[in-house]
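Worksheet: the structure to be examined is printed underneath.
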Amino acid sequence: MARRPCRKARIPRKKARASTSSQPASSWPDLPPDLAGDVLGRLPSYADRICFGAVCRSWRSSARQHHARPLLPCLCFADGTFRGFPAEARPFRLRSAAGHHSSCGEWLVFERDDGAYSLVDPFCKDSAPVAVLPSLSRVRVRYEPIVAVPERELPECRHLWVPRERDAEPQTAVSLLKLVVCSSRLVAAVVGQGRHGRLALCRPGAASWSVSGREPWRRLKDMAYYQGKLYVVDQNEDLLAVTVADDDAELPAMSRLDRVVKGRPPVADVRRRVTLHYLVESGDGALLMVRREISRARERRPGKIWMGGEMDEEMTVLEADFRSSRWKEVEGALCGEQALFVGRWCSRAVRVPDERRVEWADRIFFLEDGTGEEWHNLRSLRYSLSVYMMKGVDFQWCDLPRRGRAESLLPLMVSKDGDDLPATWIFPRDRTPCP
């Protein structure tokens, strides 16, 4: 019997894929630079921009070529964590920013083991110091004659229960109270202890600071570099212009200290009062002084004076009128397109993006960062962020974020024990942060 031929099981063959060799391969790294710039401009947060540059080398190159829309300041915490403003939900952390001492505009200030200070741009990839400043233990006192106005006394506002300061010179080692980078050739600092300070000058990379031996200790409140001139404001609200000798010497020297605006000393009343002052240049080129007054009622009890009641806070913005040598109170809004960010280490006026203009323009964002710690016995020192809204000549107070209201601002980060972490403003340049 003839055998039937065995039929092999037919396995269905897969259809051959169309060859793609003729079509150009497309991938995310090949994103055209113009589209990459468009994507970058739509990213609202610092964290997203850092992630954008971390995708690949091509995207990082595109990020460096395109300027993103202007960013508002960042809050930098002591552990190196950053939080964008105003409502960036996702914080990010840079290890190179941990352990900073303070901030100065776009830089963080670090105190090194040898006591020197280094300025670092935390958003730069290599995080190399932009400038190195000498230790405060390396100070050269110069006794060249200077022309300086004396500081006005405050007898009318000194309360009986406040002891008179017998010695204005600090009894302990001085510390850095304020730092301003004037130019690539000049850095100014207020050094001192407690309420008293002195001006110190140096060149970046120099071996020591320069301090005038003929200038007494003053109650300096803030300092700013405005239109090529260094200014300081004291407790009397006097605006003093600092003239630095124009020479190529290794150590800069102060030659003049003139009172260009005469302020008004705080008035004594039945309330205990602390006044804080901050200098900031507005967006339209004016020099502003933000005055914050904190007061508490005084009550007499048998055998002692007791401070009781709620604390009142009042904020005032004044503009320096150099023609009349007076402070002029700012009435109305701040041009309707800028906000003031005020803090101990640095303050700045920032143009608010169009989409945030209605919500954040004409506000003063105040960072409580220990400026009033001289009043520690009456006010617990905690870090918080608060806001004042300008309406006419009045300011309205918004509750602090930690009070838990629905319209809370940006809550600051807290440590494991529940205390607020120290924070400072930093104002990055108009570019994309590098990862």
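The values are calculated or read from the model by the stated rules, or taken from the named source; none is laboratory data. All figures in this text were calculated on a predicted structure; none of them were measured in a lab. With ideal geometry, Cβ positions are generated from the backbone for all residues, glycine too; neighbour counts draw on all protein chains shown.
The number of residues in the stretch 230-242 that are at pLDDT below 95 and not in a loop (DSSP other than H, G, I, E, B) comes to 1. Those strands (runs of 3 or more DSSP E) of the stretch 254-369 in which at least 1 residues are modelled with pLDDT of 80 or more and either in contact with a His (Cβ under 8 Å, 6 or more places away or on another chain) or outside the structural domain of Val187 (by TED's automatic domain parsing) (or both), considering only elements entirely within it, cover 271-281, 287-301, 304-321, 326-329, 338-342, 348-351, 363-368.
Checking each residue in the stretch 111-139 for being in a strand (DSSP E or B) and either assigned by TED's automatic domain parsing to the domain that holds Val187 or out of contact with any helix residue (DSSP H, G or I) (no Cβ under 9 Å at 6 or more places or on another chain) (or both) picks out Glu111, Tyr117, Ser118, Leu119, Pro129, Val130, Ala131, Val132, Leu133, Val139. Scanning the stretch 67-100 for residues that are surrounded by fewer than 17 Cβ atoms within 10 Å (Cβ to Cβ) and either at pLDDT below 80 or not small (Gly, Ala, Ser) (or both) yields His67, Arg69, Pro70, Asp79, Ala87, Ala89, Arg90, Pro91, Arg93, Arg95. Among the criteria (1) surrounded by fewer than 23 Cβ atoms within 10 Å (Cβ to Cβ); (2) under 19 Å from Tyr278 (Cβ atoms); (3) in contact (Cβ under 8 Å) with a residue 24 or more places away in the chain; (4) touching a Lys or Arg at 6+ places or on another chain (Cβ under 8 Å), the one Ala241 does not fulfil is (3). For the stretch 104-116, the criterion of being modelled with pLDDT under 90 and loosely packed, with under 15 Cβ neighbours inside 10 Å is met by none of the residues.
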